[in-house]
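The values are calculated or read from the model by the stated rules, or taken from the named source; none is laboratory data. This structure is a prediction, so every number in the text was calculated from the model and none was measured. Neighbour counts are summed over all protein chains in view; Cβ atoms, including those assigned to glycine, are modelled from backbone coordinates with ideal geometry. With ligands, DNA and RNA removed, areas are computed over all heavy atoms of the protein, side chains included. Shrake-Rupley method; radii C 1.70, N 1.55, O 1.52, S 1.80 Å.
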Amino acid sequence: MGPRAALLLLPLLLLLCGHAQRVKVRDEVTGFVGQDVTLPCTLPIDDPSIKITQVTWVREAGGKKTNVAVYNPSFGTNLPIKHIAFLQPSLTEPTLVITGLQMADEGAYTCEFATYPNGNEEGTTKLILLAEPTNNAEAVPGAVGDQQITVANCTSANGKPPSDITWQSVVPGNVSTTVTNNTDGTLTVNSQYRIFPTSTANGKTVTCVISSRTAKVPQSIPVVLSIQYPPEVNIMGYDDNWYINRQQVELKCSASGNPPPIKYEWKTTDGKPLPKTVDVIGNLLVVRTVDYLVNTTLICEASNARGTRSAQLQVFVRERAQAQEGDRTGAIIGGVIGALLLIALVSAILFFVFFRSRKTKDKGSYTPNTRIFGNGATSQEFAYHEDSDLGKPLQGAPGLAVETPRTHTDDEDDEKHNYDLLEEEDERFNEVGPMLQLRPHIPHDAYLDDDMESQNDGSMISKTAVYV
C-alpha cells in the first residue's frame, strides 16, 4: 500500500475509532456465584441523522460466541437464557442483568449497536465470577512410628479463584497441596501437613491459614494433633523413708498415653502376691502399715489400645525413721547460732581482760617520780635525780614545823592500815597531778577527810599541797 492509499484510509479509521469509543461500558465486572450482577451499556446519539435499528448482547467463552439478549423495536426482545435479561428494553441504554450467577456465565460480554448509516458500534465488558469457598481443617489420627504420615488436613472447597493455603506450626513437618477443578467451574484446594509421628507431638497445635480473594482477611483454623502411642509409666510418691510401723503411705502409678490408659496392675518382681497390708485402688497402691514384707521391688503395668508398658520401684524398709531435710536444716542453723554466741562471749571476756590489764599497767609503780609528777610521766624540766633535794626531807617554812612521818612498830595491823592509806593517797596523787606536799604532819584520818577539795570539773585538789 502506497502513501496515497494510506492517506485515503486514514479518515475511515478515525471515523471507526470514534464510533467505537462512543459506546459506554465497564471494562470489568465482578460477581459472586448465586448473586445478581448488572452490566451497564449506553450509546449517546448527538446526530439526529444516525438511526439505531437493533441492540444485541453477545457472550464469548472458550472461543465460542453466543447471543444472550437481542432487542429490535420492530420484532421485540429475544432472551434465550432465562436468568439473563435487559434491565429495560432500550436502543440507547440496553443495560443487561444476570440473576443467580452461575459459573457458566463467566466470559466477555459485548454490547453491539446496529446503526444507520454508520454500521455497528460496540463495547466489551469482562465478567469475572468469584465463588466463596467452604473452608475446614481437621486432625488425622496417627500412631508413633518411623514413617512420615499425614496428621492434619485443610480444605478450601468450591472456590473461585483457588485459595492459597499455608501452615503455622511448632512441630517440624512438610506440606502437600493439590488443586481440583470441579464440574461447575469452581476449584477445591486441599493441603496436608505431614510429620514423623512421636508421642511429644501429640496434643500440639498446627494452624491452617487460608487466603482467598473473596475474604478481606485470611482465615486461621487451629488443629490439635492426635498421635496415638502406648502408655508412658512412672511411679510417684516414694520418699525413701519407709520405716517399720509407718502408717498410710501410698504410691501412684502415673501413666500418659493416647488413648488414655484404661487398665492398671500392681505386682512384684518375684511374682509373689502383694502383702495383706497393701490395698490397690485403681492406679494407687496404699500401704496401711509398713513392714518388711513390702521391702521389695514393685511393678506397675498400664495398658491402652496401643499396648502395655510398665515401671518398677525398689522399696527399702528401715528400722526407724531417718532425719528429714527440715530437721537437718534446723540443726545446722542452731549450730551456727550457738557458734556465733560462743565467739561473742569469748570476745567479750578477752576484751575485758585486756582492758583491765591496760588499766593496771597505766597506773604504774610507786616511785619518787610518781609522787612528784603523777603517773610516771617524764619531763625534762622536772626530771628526778637521786642527789637532788627532792629526795631529801622537806624543810618547813619559817614558823611551820615539818614532822617526820611516824613509823609503827607496835603491831602488824597498824602497819597494814598505814599501807592501805598510802595506796589511797597514791591514787589521789594520780588524779590531781604532780604536786609537793609541804605541810606539817597531820593524822591520816584528818587528811583524808579535810585536805582534798572537789572541783566543778569533777577533779580533786589538795588544800595544803603546793603544785609545781
Sort out which residues of the range 190-202 are open to solvent by 30 Å² or more (accessible area, probe 1.4 Å) and touching a residue at least 24 places away in the same chain (Cβ under 8 Å), and write them in order of number. Asn190, Gln192, Arg194, Phe196, Thr198, Ser199, Asn202
Of the listed residues (Glu132, Glu106), the one being within 24 Å of Ile221 (Cα to Cα) and touching a residue at least 60 places away in the same chain (Cβ under 8 Å) is Glu132
Give the residue that is farthest from Val280 (Cα to Cα), with candidates limited to residues of the range 213-224 that are at pLDDT 95 or above and either surrounded by fewer than 14 Cβ atoms within 10 Å (Cβ to Cβ) or not hydrophobic (A, V, I, L, M, F, W, C) (or both). Val217
Flag if Asp164 is over 31 Å from the mean Cα position of the chain (by Cα), among the charged types (D, E, K, R) and loosely packed, with under 14 Cβ neighbours inside 10 Å: no
Residue satisfying all of: in the range 85-108; charged (D, E, K, R) and open to solvent by 20 Å² or more (accessible area, probe 1.4 Å); nearest to the chain's Cα centre (by Cα) among these: Glu106
For the range 19-29, name all the residues that are within 26 Å of Ala215 (Cα to Cα) and either surrounded by 12 or more Cβ atoms within 10 Å (Cβ to Cβ) or at pLDDT below 95 (or both). Arg26, Val29
Residues that are at pLDDT below 95, open to solvent by 90 Å² or more (accessible area, probe 1.4 Å) and in contact with a strand residue (DSSP E or B) (Cβ under 8 Å, 6 or more places away or on another chain): does the range 319-329 have at least one? yes
Identify the residue in the range 40-84 that is within 19 Å of Ile128 (Cα to Cα), of a type outside the set (Gly, Ala, Ser) and open to solvent by 70 Å² or more (accessible area, probe 1.4 Å) and, among all such residues, is farthest from the chain's Cα centre (by Cα). Asn67
Among the residues of the range 276-286, the number that are open to solvent by less than 40 Å² (accessible area, probe 1.4 Å) and part of a strand (DSSP E or B) is 3
Would the range 126-147 turn up any residue that is closer than 30 Å to Lys64 by Cβ, over 37 Å from the mean Cα position of the chain (by Cα), surrounded by fewer than 18 Cβ atoms within 10 Å (Cβ to Cβ) and of a type in the set (S, T, N, Q)? no
With respect to Thr289, determine if the residue is surrounded by 14 or more Cβ atoms within 10 Å (Cβ to Cβ) and touching a Ser or Thr at 6+ places or on another chain (Cβ under 9 Å). yes
Within the range 130-147, track down each residue that is within 16 Å of Ser226 (Cβ to Cβ), touching a strand residue (DSSP E or B) at 6+ places or on another chain (Cβ under 9 Å) and not in a strand (DSSP E or B). Val140, Pro141, Val144
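Matching residues to (1) touching a strand residue (DSSP E or B) at 6+ places or on another chain (Cβ under 8 Å); (2) closer than 21 Å to Ile128 by Cβ; (3) open to solvent by 50 Å² or more (accessible area, probe 1.4 Å):
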residue	(1), (2), (3)
Thr177	yes, no, yes
Thr207	yes, no, no
Ile210	yes, yes, no
Ser226	yes, no, no
